[in-house]
Amino acid sequence: MRLICDAKINTPIAAQYSNKDIERVNRIARVPPTELLMFCLEPRDAAFVRAEFHDTLRTVRLPNLGGHHAVQRKRNYKLWLKVVHIEKEQHITPSSNDRENRKLNRIDVILVDTTKDNLPAVLSLYDEQMQLMTMLARGDYIGLYHPHCSDAQTHSQMSRSDVVLECAQDTVLFYMSAENARLAGLAKTTSTAFSLSSYTDSQSTMGKPDNTNNNSRRPSRPEIMSRDDEGYIDCAMYPDRIYLGDLAPCMLNVTLFGFVKSVASNNPYLAEGKKMDRYAIRIADATDKMDVTLWAEAGRNARKLQPGHYVLLTNLGTSEKSRGAKGSVWYINGSSMYGTEVFNISTTQALLTSSWMRQIEPISALSDRGQCQIDVVIVGWELHTPQGVVLSDQHDCWASGSYGSIADVVIVDAHNVCHRVLQKDEQGKYVCAFCACSVPANHVVQMFRAKPIKSANKNLASNEIGWIEWRLDDGSEQTITAYGSEEVLISDSAEHFKLMLHEEQIVCLDSVLGKPFLCSVSTTGKDMYRIDQVTPRKFTSQECMETMKAIKVQEKRITATTTTAALI
């Protein structure tokens, strides 16, 4: 029997079981409530399962004349069900005054029975019950003895199934692994399998595929793993890296690492009057390039990605094949339901701060790798507009145009969650075109403008656009200009920089010249570079010792030369 219980409060002394002089809590184990227990079954328990669990989800559903199903809630059911999906999204509800039935946190498990119906049911586990989730895996089987059919269902529960089961005080949970179920002859063996892609694509948490995420290529290599009973490739335990060229329809728990080629703005999907955020990114690796659609929270976590970044995406899924205008297509999706997480590798601070992870490359390596860490000195700056360079460290007078100060063209109001430039609507309220939403005043920040792409210039007059580019020199024959990380370089905020006088702004930019920095730089286009992060160059003790030795050697040479000259 496996059960939930804190070891520190449940460690009885077995040898003192009959010793009444010792407190009961120290000699007798305490067992949690029934709904927090899960009894593990083995193949030898097959007869018990067949004798006890004879109900199906069809017996729970009662068809009515309208073609829908009602749930019979008063019966005591005994169900043998297969786990087809475990949600990784935790639902949190507001606090309730009912302390005994608060149900503040919830995780849902999607189940089907062993018949051909394949209509799913939802098992909702609340609060402490959620710890039982760690014992379950996709493909395992559970026996539900007297589950409670929920009367008060949330919108997310109803969107998944009309049957929502819960563990009440008299509910008993039994567990059998997928392998043991096959050995016992209790596994689902019907040829008609439950389709998780069809299920998720029909739910409001996933939406439907769109043409921005169309991967119509055919796999050029054998599939990396065998498919399970439902026809899926579950990559959760796959040890090697998965490349884009390895992908195929109906895959789960896919982890991808790639180079961001482009990022699409939010294209919300409307379903049943509810709007769901939908972002798309195009990534590439050594084998292919593909589009990935990120839904809701997963998409919002990717809003700061920029072309040129390296990104790690975990727990993705691919859809089934469907017919498109150019033949069969399938899609790559990420969602909190899948447990998708987005990691921007290019902005990982350890790339610069950790001597173990830091790999300094020459500037010339940028053309081959797309991104690398370089050790440079800032040797110049330029203020660019679409007309060209209008101000620089070499020319402190405006080359063209009439501007009040540098900040008038380089400091912009931006959305704090995506760092994109904001615009104002007809009512004068801020809107973010990238996030497709209005922006409250407390979400507006002032930032240095990044070098805009051409499509971003169409709504702005050319004299309103300006950005700073820094000239970087690593001591080799090649130098580059790059934009970004202005606040770190000048050691000041954009908001304070805007308050300076024009002459003070020039002095502030000039103060960066000659300083050494470690920079993480990405390639964003032909001869276009962005500084993703930067840290001041700190000399190691070994470098300081070598410098001191060099200075002493030079002093001896100067002294010897002076002495020789005096003797002559």
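Exactly one residue out of 316, 366 is at pLDDT 90 or above and among the aliphatic types (A, V, I, L, M): that is 316.
The residues of region 469-486 that are open to solvent by 60 Å² or more (accessible area, probe 1.4 Å), of a type outside the set (S, T, N, Q) and either in contact with a helix residue (DSSP H, G or I) (Cβ under 6 Å, 6 or more places away or on another chain) or closer than 17 Å to residue 373 by Cβ (or both) amount to a single one, 475.
When residue 506 is tested against (1) in contact (Cβ under 8 Å) with a residue 60 or more places away in the chain; (2) open to solvent by 80 Å² or more (accessible area, probe 1.4 Å), exactly one condition is not met: (2).
For region 385-438, no strands (runs of 3 or more DSSP E) sit wholly inside it while including 2 or more residues that are at pLDDT below 95, surrounded by fewer than 17 Cβ atoms within 10 Å (Cβ to Cβ) and of a type in the set (Asp, Glu). For region 304-330, a residue qualifies if it is open to solvent by less than 50 Å² (accessible area, probe 1.4 Å), over 20 Å from residue 524 (Cα atoms) and among the hydrophobic types (A, V, I, L, M, F, W, C), and the qualifying residues are 313, 316, 329, 330.
All of (1) within 21 Å of the chain's Cα centre (by Cα); (2) surrounded by 16 or more Cβ atoms within 10 Å (Cβ to Cβ); (3) without any contact (Cβ under 8 Å) to a residue 24 or more places away in the chain hold for residue 234 with one exception: (3). Residues in region 355-371 that are surrounded by fewer than 16 Cβ atoms within 10 Å (Cβ to Cβ) and over 23 Å from the mean Cα position of the chain (by Cα): 355, 356, 358, 359, 360, 362, 364, 367, 368, 369.
Any residue at all in region 360-369 that is of a type outside the set (Ser, Thr, Tyr), within 17 Å of residue 256 (Cα to Cα) and in contact with a Phe, Trp or Tyr (Cβ under 8 Å, 6 or more places away or on another chain)? For region 360-369, residues of a type outside the set (Ser, Thr, Tyr), within 17 Å of residue 256 (Cα to Cα) and in contact with a Phe, Trp or Tyr (Cβ under 8 Å, 6 or more places away or on another chain): absent.
With respect to (1) in a strand (DSSP E or B); (2) in contact with a helix residue (DSSP H, G or I) (Cβ under 8 Å, 6 or more places away or on another chain); (3) closer than 24 Å to residue 260 by Cβ, the lone exception for residue 446 is condition (3).
Taking the criterion of being farther than 15 Å from residue 254 by Cβ, in contact with a Phe, Trp or Tyr (Cβ under 6 Å, 6 or more places away or on another chain) and outside any strand (DSSP E or B), the only residue of region 274-301 that qualifies is 299.
Filter region 518-534 for residues that are out of contact with any Pro (no Cβ under 6 Å at 6 or more places or on another chain) and either more than 9 Å from residue 485 (Cα to Cα) or surrounded by fewer than 19 Cβ atoms within 10 Å (Cβ to Cβ) (or both) and give the result.
The answer is 518, 519, 520, 521, 522, 523, 525, 526, 527, 528, 529.
With respect to (1) without any contact (Cβ under 8 Å) to a residue 24 or more places away in the chain; (2) closer than 22 Å to residue 512 by Cα; (3) open to solvent by 40 Å² or more (accessible area, probe 1.4 Å), the lone exception for residue 377 is condition (1).
Within region 541-568, if we keep just the residues that are open to solvent by less than 70 Å² (accessible area, probe 1.4 Å) and either within 44 Å of the chain's Cα centre (by Cα) or under 30 Å from residue 489 (Cβ atoms) (or both), the residue that is modelled with the highest pLDDT turns out to be 550.
The values are calculated or read from the model by the stated rules, or taken from the named source; none is laboratory data. Note that the coordinates shown come from a computational prediction; the quantities given were computed from them, not determined experimentally. Note that we place each Cβ from the backbone using ideal geometry, even for glycine, and neighbour counts take in every protein chain shown. Note: areas computed on protein heavy atoms with side chains; ligands, DNA, RNA excluded. Shrake-Rupley method; radii C 1.70, N 1.55, O 1.52, S 1.80 Å.
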